[in-house]
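Below is one structure; the comments refer to it alone.
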Amino acid sequence: MVNAGDMNGSGNLMDFLDEPFPDVGTYEDFHTIDWLREKSRDTDRHRKITSKSKESIWEFIKSLLDAWSGWVVMLLIGLLAGTLAGVIDLAVDWMTDLKEGVCLSAFWYSHEQCCWTSNETTFDDRDKCPLWQKWSELLVSQSEGASAYILNYFLYIMWALCFAFLAVSLVRVFAPYACGSGIPEIKTILSGFIIRGYLGKWTLLIKTVTLVLVVSSGLSLGKEGPLVHVACCCGNFFSSLFSKYSKNEGKRREVLSAAAAAGVSVAFGAPIGGVLFSLEEVSYYFPLKTLWRSFFAALVAAFTLRSINPFGNSRLVLFYVEYHTPWYMAELFPFILLGVFGGLWGTLFIRCNIAWCRRRKTTRLGKYPVLEVIVITAITAIIAYPNPYTRRSTSELISELFNDCGALESSQLCDYINDPNMTRPVDDIPDRPAGPGVYTAMWQLALALVFKIVITIFTFGMKIPSGLFIPSMAVGAIAGRMVGIGVEQLAYHHHDWIIFRNWCRPGADCVTPGLYAMVGAAACLGGVTRMTVSLVVIMFELTGGLEYIVPLMAAAVTSKWVADAFGKEGIYEAHIHLNGYPFLDVKDEFTHRTLATDVMRPRRGEAPLSVLTQDSMTVEDVETLIKDTDYNGFPVVVSKDSERLIGFAQRRELILAIKNARQRQDGVVSNSIVYFTEDPPELPPNSPHPLKLRRILNLSPFTVTDHTPMETVVDIFRKLGLRQCLVTRSGRLLGIITKKDVLRHMAQMANQDPESIMFN
């Protein structure tokens, strides 16, 4: 400490900020990170570790551990994400069957597992075994008849309501952030936004448990989207164990990008598709290093899930299929028609769902989330039970629709009239006329299609975990299977038509209806999410068939073109805008001829910009400025007369610095001068200690001139991830543009409400 008489000397003055203090460099909730600063801090940290590694063996080992920490985090994420996905799959399988009956030998067995262990099961009656009893058999000893049907119907609804009520209650009480798909928020977080608690431990636990409950309840939703959220929660948890990631928000987001890839990897059993999904759909900043690590995390996650083998068929997903018939050029026309259907369904769904969600936000409906979930669950269960295609889980439905009709299939969809003289290999059954079972299945599927289209609009966005991948794929798979059966029967009965003559001779296996279901599923998922490359890769990883890439590509591109004709936003971007998150989408184009001076603040007639001076304000002046304003930071200028820019100081760091200085440095009082220069200003004798805050000053804030086109400014904000940008003319400060200002201006230019951008 120095005496009052030594005030003007600089040698003994204590700069308490030479040592870092807690919370500097952190961000407040619902604020955007500064990507440039995070990158710079990581570079400094790396340089420091590299220079220290030459000093001793121990420092060299520490540098190696630091280098390997990224791969260790990826390994841990993959292991936990794969394990959780396996547990969720097993639990969903059991609880879905619990709505219809119970296994007497072991109540924790699902229907399929129960009948595996039975010695009395025959091939023809493989779905019936004495060990598995429906609730009516168990309670009233009746398996057939009106009373048994009504009892099973009633208990199906009761179980569904019980699961849904438990799920929405857990979400509401313990983890409100566990609701929804999670992908819109993950995209926003990866773009640099802070939502504290969204990737926390409670969210991870509650989302995992409630995901099992809601999928088992039979609601029209999937677990694939929420699994991305679950994997990102795992990524956030493990990154907090390593200071390299916990103290740098930019580095943390690299881990979360890789975790998103692991989530899709276990959701679809598609490791490569997961990496491409993270790159194409959710990530904002995706360097090459993250690509390799995403690949590794997805690999470990898929390997872990394969080790658990939740479906007992050595596959990673329930609807893995293999087709044996090639496709023909003439079939591209129905494939493209399915693409058109997918695009139209995507547009219809996005518009209706956003309208319903907006109504939920702006009316009294939003005040009763539990009641809404109960009502939708009741309606779903009541309508779903009578139809065998809506009663079963959506994944099982997709699996049946994707399946090729072999000689051993017992499904109604495979009830064809066989030729008794047929002597062909089992996997090459020729096209046959449809039997009564196929016609019954067709009208049941038509009703299921209408039901799924309508109910999914109201289900997605409720206060429960809800994925959109599986319901979208179900809509497309139903439409595709119906088109496939139509084309198959047309080819059988009219094989002499010119379009069939060249490739569909009598007795040949020409058309595979399951392939049409797969193409329809891809088209509808593409129409809703606007995915293209990752979608095709996910679908061919599902089927294991490389030769069907062209039909999938044709359908995916067509659905995107058709959907884009009605609006550029996918469902996730639409929900981001609905919630007012500050997300600058790299896909949006800004073509308006406005300048930085049109957007910057202060505008004409507004109060002048709040600034700090380099060496003439007291601690009290700074505290008053902070108290009277809610800005995230303040430009530092030479003086209020010259307004020549020196740098930029963050609000949070000013507060922390002054607070720490008052606690740790004697002599700092309200009338102490605050200075941001290297040397203290000349002060009169007996003045209180000045406070040096140069360490928290950003000496190279990003600046543009007032005549910079907004097109360039928007590009700078997107590509550099800026929080704010200062506007100058000849080195003199004129104003400031924040990310929120850019988003508001873009909304205004697109004739939207600029006040819809709610967060900073």
Ranked by how many other beta carbons lie within 10 Å on average, peptides 343-351, 60-68, 206-214 from highest
206-214, 343-351, 60-68
At 7 Å along the Cα-to-beta-carbon direction for both Tyr368 and Asn418, put a label point, then send me their distance in nm to one decimal.
5.5 nm
Per residue, in Å², the accessible surface of the chain once ligands and nucleic acids are set aside, probe 1.4 Å:
44 Å²
Of 658-671, 513-526, 278-291, ordering from highest average Cβ density within 10 Å down gives 513-526, 278-291, 658-671
Quote the FRET efficiency, to the nearest 0.05, computed for Lys361 versus Asp641 with a Förster distance R0 of 45 Å and r equal to the Cβ-Cβ distance.
0.40
With the cut-off at 1.5 for a/c, could you classify segment 78-308 from its C-alpha gyration tensor as rounded, prolate or oblate?
prolate
If you split all Cα-Cα distances of segment 554-650 into 10 Å bins from zero, what percentages do you get per bin, shortest first?
11, 27, 23, 18, 13, 7, 1
Ile374 neighbourhood, Cβ < 14 Å, K/R = +1, D/E = -1, net charge +1
Checking the a/c ratio against 1.5 first, then a/b against b/c, what shape does the Cα gyration tensor give for segment 607-689?
oblate
Where GluC sites (Glu not before Pro) fall in DSSP loop in segment 330-408, at most 10 other Cβ within 10 Å
none
Using Cα atoms only, what is the angle between the long axis of helix 710-720 and the major principal axis of the chain, expressed in degrees (0 to 90) to the nearest 10?
80 degrees
Over 27 Å, how big is the tail of the calculated P(r) for segment 474-604, in percent of all Cα pairs?
42 percent
How would you rank 305-317, 157-169, 358-370, 674-686, highest first, on the average number of other Cβ atoms within 10 Å across their residues?
157-169, 305-317, 674-686, 358-370
Would you mind estimating how fast the chain diffuses translationally, via Stokes-Einstein at 37 °C and 0.692 mPa s with the Kirkwood radius over Cα pairs, in µm²/s?
112 µm²/s
Distance in nm between label sites at Glu620 and Ile655, each 7 Å beyond Cα in the beta-carbon direction?
2.2 nm
Estimated distance in nm for a label pair at Leu166 and Ile57, the labels positioned 7 Å out from Cα along Cα-to-Cβ:
5.7 nm
Sum -39500 (n - 2.57) across every DSSP H segment of at least 4 residues in the chain, then divide by the residue count to get the 222 nm mean residue ellipticity, nearest 500.
-17500 deg cm²/dmol
If you take every residue apart from Pro310 with its C-beta less than 15 Å away from the C-beta of Pro310, what net charge results, scoring Lys and Arg +1 and Asp and Glu -1?
-3
How much solvent-accessible surface does His707 expose, in Å² to the nearest 10, with a 1.4 Å probe and all protein chains in place?
120 Å²
Mean separation of Cα contacts under 8 Å, 6 or more apart, over the residue count of the chain: relative contact order %
16 percent
Where a ≥ b ≥ c are the square roots of the eigenvalues of the C-alpha gyration tensor, would you call segment 596-750 rounded, which needs a/c under 1.5, or, failing that, prolate if a/b is larger than b/c, or oblate?
prolate
Net charge near Leu542: determine it from the other residues with C-beta under 13 Å of the C-beta of Leu542, scoring Lys and Arg +1 and Asp and Glu -1.
-2
Relative contact order in percent for segment 78-308 (Cα pairs under 8 Å, 6+ apart) equals 23 percent
Do any of Lys251/Lys719; Lys201/Lys244; Lys39/Lys740; Lys223/Lys361; Lys62/Lys244; Lys39/Lys244 go past 18 Å between their Cα atoms, and which?
Lys201/Lys244; Lys39/Lys740; Lys223/Lys361
What is the calculated FRET efficiency for Ser40 to Trp116, with r their C-beta to C-beta distance and R₀ = 56 Å, to the nearest 0.05?
0.45
Between Arg664 and Ala446, 0.36 nm times their residue separation minus their Cα-Cα distance comes to what?
71.1 nm
With all protein chains present, the chain has a carbon and sulfur share of its accessible area (1.4 Å probe) in percent of 59 percent
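The values are calculated or read from the model by the stated rules, or taken from the named source; none is laboratory data. Just so it is clear, the structure is predicted and the values come from calculations on it, not from any experiment. Cβ coordinates were reconstructed from backbone atoms using ideal geometry, including for glycine residues, and neighbour counts include every protein chain displayed. The area values use the complete protein model at the heavy-atom level, side chains included, leaving out ligands, DNA and RNA. Shrake-Rupley method; radii C 1.70, N 1.55, O 1.52, S 1.80 Å.
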